[in-house]
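Working notes, structure below.
Nothing in this text is a laboratory measurement; each read-out follows from the coordinates by a stated rule. Note that the structure is a prediction, hence the values are computed from the model and not measured.
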Amino acid sequence: MKSSHVIALLVAGVVVVAVGCNLVIEQRPPPPRRVIVVEQPPPPPPPTVVYQAPPQPVVVQETPQAVVVQQAPPATVVEMQPPAPGPGYVWVPGYYVWTGSGYAWVRGYWAVPPGAGVIWIGPRWERFGGGWHYVRGHWFGGHHDDHHHR
């Protein structure tokens, strides 16, 4: 075998070994495969739960007696405000009321203030005296000071 043939076979990845009169052709294994691992970014956190406020006010009847609860209220719900139904409306944010066995969320709504320069002071839960006390919301300002609404 000519040396140029041997070189050509070696370049082609084939090794020729002469054993006696017989030629044994041995093929070299292919080069190892390169594996590239691409790590995926972690999935995004679940979206924050957002509640759509109703287009019309929700009326909740409240009793005049004091409400004191031993259990703290849950975290405030994030609501999306729908467009105002017209000029002069004020957004009244949602809040929790006590039902006697647990808290219930009252959705926010649009309301017309009872007079010019009046602002809404939302209801809230205050902790004192060993419990959570409900403080009603009311309109404040102008000649409508402390008119309780909810």
Q: Pull out the extension gain between Phe140 and Arg127, defined as 0.36 nm times the separation in residues minus the alpha carbon to alpha carbon distance; nm, one decimal.
A: 2.4 nm
Q: Take the alpha carbon gyration tensor of the stretch 66-148, find the square roots of its eigenvalues, order them as a ≥ b ≥ c, and report rounded if a/c is under 1.5; if not, report prolate when a/b exceeds b/c, else oblate.
A: oblate
Q.
On a full-extension model of 0.36 nm per residue, what is the gain between Met80 and Ala66, subtracting their alpha-carbon distance, rounded to one decimal in nm?
A. 2.0 nm
